C-alpha cells in the first residue's frame, strides 16, 4: 500500500493530511508531531491569552483520536523526526513517550515542521515565548498562579503587538521594548505612527533601542540602564526554521535553513514535498523569491499537494502576493506585495491617499491611509499598504485580487466599488489612487 | 471660444463640469439645472431624514456661487432645457425665475438629466416622493410640523428600504407595503429573507401584494380591504428617465427612454455626450446591455468624458459590472454582475457558501451567505450576491475586482486573503467558493 508520511501536525501538516484523504481513500497516511498538540489555531493564541477567545476547545481544532476516527489518518504526537534518508526512503523518528527511536518507510514524504520561537536565553522562570498551545498553557497557568499584573513584551512583530493588545485588554499592564526603532517591519515605517499613538492613548510604556541585559528574580535590567520589576516577560523576537533534521538528506535548504519548493510544492527530491512556514517560493506578481510564512499559504499548499498526489498536475501554485494583516487596539495594519525591504529590487513610484473610508456625511467615518507602489517600467502594482480604523482589510484584499491579475496602477480607476454611504464613496480610495497616478 | 453646455447639475452634471475644468482652463462651461439645488448627495437623503446625517451642509455639496468662484463654471438652477436642435447646435432653455425662454448655443453638449420619481398620483397632502433635496426639505418640514408618528412606506427598492430603516431609527413607526412579493429586486429573492427577519425583530408591519387604492385625509385604503390612518406616506415606486426634451432631437433613445452611449459616453450624435442615470451602456464582463443608474458610473462617466474632451481618446469605458449595495438595519445586501432578471441569457451554475465571516473563535463572528454564478461554457463569474451582518461589502468588492479581469470561478482558490482572526479565515469564503466549484 502507498504510504504518505507527514512531518508536523499543525496548520500545514494537519491540513495536507486531511486534503489528501479527501481525494485518496486508499493510501496510508501517518503524521508525526514532535510536540504535545496537533492542529491548534496558532493565530488564536494571543487572543486566548487575552480571554478574547473564551474556550480552549475552539483553539484545539482536532485530536489524534478524532483524526483517526473521522479521517483514518494516524497522528503521532511527541514523535520527532530526527533524520531523513531519501535514498532508502526512510525517516528516523524519536518517540518521546517511550524514549525509543525507530525507522519508518515512506513512498511520499511531506515536510511541514514549521519554525521555533527564538529565545533571548534569559534563564528566568518569568520569561516565556509563545509559539504553540503548550506555551500558551504555561503562560496562562503562570498568569493565574502568580497573579500577574505587570508584563514586559519584547519585540514588535505580530506576536509582540497582538500579545500587548491582549494582555492590556485582560487588565495586565504591559510595557513594550524593541531592540531598534524598526518596528512592525512588514509595514512602511512612517505608517506605524498609529502603533505609537494607540499606546500613548492608553498610557502604555514603550522604549525602542532597548534590550534586556539580565533578569534577576523579578528585576529586569535593561541596556539603557533602566531596572524595573515585572511579573512576566513574553519574548516575540522572531523564529527559526525547524530544519535541523533535514540537513543530513539530499533536500536543498537555502542559506537561512528554509526549503525552496517549486510550483507543485516539491522540494528538489521529487517525492518529497514541503509546505507551511518552512518553505520559500516565488512571488506571483513579480519575479522574486518570496517567504510568506502565514496561514493562507499553508492551506493553499495543502490543497495543491493533495491535487498533485491525486494526479491533477494542472493545479499549480502561481506564487505568493504576501498579504498580511494585524490588529493593534483600534487600528488595522495590512499590506500586500513585496516587503519594504524588497522594494530595493524595483524602480518604483508611490501614489497615496489619506481620506475618509466612507461617505463623509455618514457617521463613523474614519480616515484611511492607503499607499500603493508601482513599477515605473510597466506601471504594475508591486506593493500596497494601508492603515486605519476601518476598511483596511477590504482595500488590501481588493488590491490583492488586483495584483493577482498584475493590474497596473492606472487600471484602479476602473474598479467598480459597491457604493452606499456606510461602505465607501462613489470614487473609492482605490479609484482615487488610480486617478492620482495619472500625473506620475 | 469653445462652449460646453451641461444639462443637469447633480452627480453626473456637476462632476463632469468639474472634471472638464480640471483639464481645460479655457472653455466656457455652463450647466443648466431645472430644480432648485445643484450637486447634492442623493444617497444621503434617506440618512438626512433619519437624522443620521446631522448637517444639511454635508448634503448640499456645492452652490452655483461657490462653483463659479472656485471653478469658473456657470450653474443656472431653475433653468430647464426643453429641447435640443442638434443641427443648429442649440438648446432651448426655460427660465423658471423670470418665466422666459431662450436659445443657447453649444459646441459640446453633455446630458445628465437623471430620472424623476414615479408617483402613485394619490392626490394627497400626506404623500411624498423622495428624489432630491427639495423633496427632502418638504418631508422634513412635514414631519416636524405635523409631528409625524406613523408612516407608510411604499416600495422595496433602495429608497423604500433606506427610508424605512431611517424613519424607524428616528422614532417614527413605519409600515411597509409592496405591490408584489418581488422585493429588493437586484438581490436573489431567497436571499432577501433577512429583510423580513429584520422587520419581524422590530415588530414592523409589512404587507406584500398590497397597494393603496385611495387616500382620504389620513385614512389610507388598501387593495386588501385594510383601512388605516397614517401621518405620512413615502412612495419609493421607481423612476422614469427625464428624456422628454430629447425626443425632438436626432439623439437615439431606447424603448424605455434611456440614451445608449458608446465607450466614450458619446450618444449617436458625436458632440453630444450623456452620463448618469439616463444612459445605458454595456457590461464589462459579459456581452449584454447594462443599465446601472448608480453613483459610481456617474463619476466614472464624468472622468472619461473629461479625458475625451481633453484629447485623451485612449481613456475609454470598458463597461459596467453592476456593483450595488444597501444597508437594511443590521444587514447588508450587495451584488455585482448581471441582475437576477438577466440570468436567463446565460447557461450558468451556482456555487454558494454560508459560513462565518471571520475566524470562528474570534468574537463578533457572523454568518455570511455568498452565492456566485458562473457561465458553464467558460467558467467565468457572471454574478455574485452576498447577505450578512459583516464583510458583505468586502467580498462583493473583491469579486468586482475579480470580474473586472474576467476571472473564472476556479481561480477564486488562488485569491490570497489578508488573514488574521478578526478579519477572515485562512481559507476565506471567497476561496471556499472556488474550492467548492471543483466538482461542478
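The values are calculated or read from the model by the stated rules, or taken from the named source; none is laboratory data. Everything numeric in this text was worked out from a predicted model, so none of it was measured. Every residue, glycine among them, receives a Cβ derived from its backbone with ideal geometry; neighbour counts consider all protein chains shown.
Has the range A:156-167 got any residue that is modelled with pLDDT of 95 or more and more than 21 Å from the chain's Cα centre (by Cα)?
No; the residues of the range A:156-167 include none that is modelled with pLDDT of 95 or more and more than 21 Å from the chain's Cα centre (by Cα).
Name the residues in the range A:14-28 that are buried (at least 24 other Cβ atoms within 10 Å of the Cβ) and more than 14 Å from every other protein chain (Cβ to nearest Cβ), would you?
Across the range A:14-28, the qualifying residues are A:17, A:20.
Is there a residue in the range B:314-335 that is surrounded by fewer than 23 Cβ atoms within 10 Å (Cβ to Cβ), modelled with pLDDT under 95 and out of contact with any strand residue (DSSP E or B) (no Cβ under 8 Å at 6 or more places or on another chain)?
Checking the range B:314-335: at least one residue is surrounded by fewer than 23 Cβ atoms within 10 Å (Cβ to Cβ), modelled with pLDDT under 95 and out of contact with any strand residue (DSSP E or B) (no Cβ under 8 Å at 6 or more places or on another chain).
It is to be established whether one or more residues within the range B:144-159 are within 14 Å of chain A (Cβ to nearest Cβ) and in a loop (DSSP other than H, G, I, E, B).
yes
Which of the residues spanning the range A:168-192 are in a loop (DSSP other than H, G, I, E, B) and farther than 18 Å from residue A:152 by Cα?
Selection gives A:182, A:185, A:186, A:187, A:188.
Applying the selection to the range B:271-297, what residues are closer than 17 Å to residue B:315 by Cβ and part of a loop (DSSP other than H, G, I, E, B)?
Within the range B:271-297, B:275, B:284 meet the criteria.
Within the range B:398-417, can you find the residues that are out of contact with any helix residue (DSSP H, G or I) (no Cβ under 7 Å at 6 or more places or on another chain) and within 7 Å of another protein chain (Cβ to nearest Cβ)?
Across the range B:398-417, the qualifying residues are B:400, B:405.
Considering each residue of the range A:111-123, count those that are in a loop (DSSP other than H, G, I, E, B) and surrounded by fewer than 18 Cβ atoms within 10 Å (Cβ to Cβ), and give that number.
6
Does residue A:187 satisfy the condition of being within 23 Å of residue A:339 (Cβ to Cβ) and either out of contact with any helix residue (DSSP H, G or I) (no Cβ under 8 Å at 6 or more places or on another chain) or modelled with pLDDT under 95 (or both)?
no
What number of residues in the range A:321-350 are closer than 30 Å to residue A:266 by Cβ and either within 7 Å of another protein chain (Cβ to nearest Cβ) or in a loop (DSSP other than H, G, I, E, B) (or both)?
The total comes to 9.
Could you grab me the full set of residues in the range B:397-415 that are out of contact with any strand residue (DSSP E or B) (no Cβ under 7 Å at 6 or more places or on another chain) and assigned to a loop (DSSP other than H, G, I, E, B)?
Across the range B:397-415, the qualifying residues are B:405, B:415.
Go through the residues of the range A:382-397 one by one and say whether even a single one is free of Cβ contacts under 8 Å to residues at least 24 places away in the same chain, farther than 17 Å from residue B:332 by Cβ, facing chain B (nearest Cβ under 8 Å) and under 20 Å from the mean Cα position of the chain (by Cα).
For the range A:382-397, residues free of Cβ contacts under 8 Å to residues at least 24 places away in the same chain, farther than 17 Å from residue B:332 by Cβ, facing chain B (nearest Cβ under 8 Å) and under 20 Å from the mean Cα position of the chain (by Cα): absent.
Which condition number does residue A:383 fail, the rest of (1) in the same structural domain as residue A:419 (by the TED database); (2) part of a loop (DSSP other than H, G, I, E, B) being met?
Here residue A:383 meets the rest and fails (2).
Hand me the list of strands (runs of 3 or more DSSP E) wholly inside the range B:194-241 holding 1 or more residues that are surrounded by 19 or more Cβ atoms within 10 Å (Cβ to Cβ).
B:212-216, B:219-222, B:232-235, B:239-241
Output the residue which, of all residues in the range A:421-440 that are assigned to a loop (DSSP other than H, G, I, E, B), touching a residue at least 40 places away in the same chain (Cβ under 8 Å) and at the interface with chain B (Cβ under 10 Å from one of its Cβ atoms), is farthest from residue A:364 (Cα to Cα).
Restricting to residues being assigned to a loop (DSSP other than H, G, I, E, B), touching a residue at least 40 places away in the same chain (Cβ under 8 Å) and at the interface with chain B (Cβ under 10 Å from one of its Cβ atoms), the top hit is A:425.
What do you reckon, is residue A:265 on the phi > 0 side of the Ramachandran plot, over 15 Å from the mean Cα position of the chain (by Cα), buried (at least 24 other Cβ atoms within 10 Å of the Cβ) and away from chain B (no Cβ under 11 Å)?
Yes; evaluated as a whole, the condition is true for this residue.
Any residue in the range B:100-110 that is at pLDDT 95 or above, touching a helix residue (DSSP H, G or I) at 6+ places or on another chain (Cβ under 6 Å) and either assigned to a loop (DSSP other than H, G, I, E, B) or buried (at least 18 other Cβ atoms within 10 Å of the Cβ) (or both)?
The answer is yes, given that some residue of the range B:100-110 is at pLDDT 95 or above, touching a helix residue (DSSP H, G or I) at 6+ places or on another chain (Cβ under 6 Å) and either assigned to a loop (DSSP other than H, G, I, E, B) or buried (at least 18 other Cβ atoms within 10 Å of the Cβ) (or both).
Which ones in the range B:44-70 are in contact (Cβ under 8 Å) with a residue 40 or more places away in the chain, within 14 Å of chain A (Cβ to nearest Cβ) and crowded, with 22+ Cβ neighbours inside 10 Å?
B:45, B:46, B:47, B:48, B:49
Just to be sure I understand, how many residues within the range A:77-91 are in contact with a helix residue (DSSP H, G or I) (Cβ under 8 Å, 6 or more places away or on another chain) and surrounded by fewer than 17 Cβ atoms within 10 Å (Cβ to Cβ)?
Selection size over the range A:77-91: 1.
Just checking, how many residues over the range B:244-260 are touching a helix residue (DSSP H, G or I) at 6+ places or on another chain (Cβ under 8 Å) and either at pLDDT below 95 or within 16 Å of residue B:301 (Cβ to Cβ) (or both)?
Number satisfying all stated conditions: 2.
Every residue in the range A:76-99 that is over 16 Å from residue A:38 (Cα atoms) and part of a strand (DSSP E or B), please.
Within the range A:76-99, A:82, A:83, A:84, A:85, A:90, A:91, A:92, A:93, A:94 qualify.
How many residues does the range A:351-379 hold that are within 14 Å of another protein chain (Cβ to nearest Cβ) and assigned to a loop (DSSP other than H, G, I, E, B)?
Summing the residues that are within 14 Å of another protein chain (Cβ to nearest Cβ) and assigned to a loop (DSSP other than H, G, I, E, B) in the range A:351-379 gives 10.
If a residue has to be touching a helix residue (DSSP H, G or I) at 6+ places or on another chain (Cβ under 9 Å), more than 14 Å from chain B (Cβ to nearest Cβ) and more than 18 Å from residue A:266 (Cβ to Cβ) to count, how many in the range A:1-13 make the cut?
1
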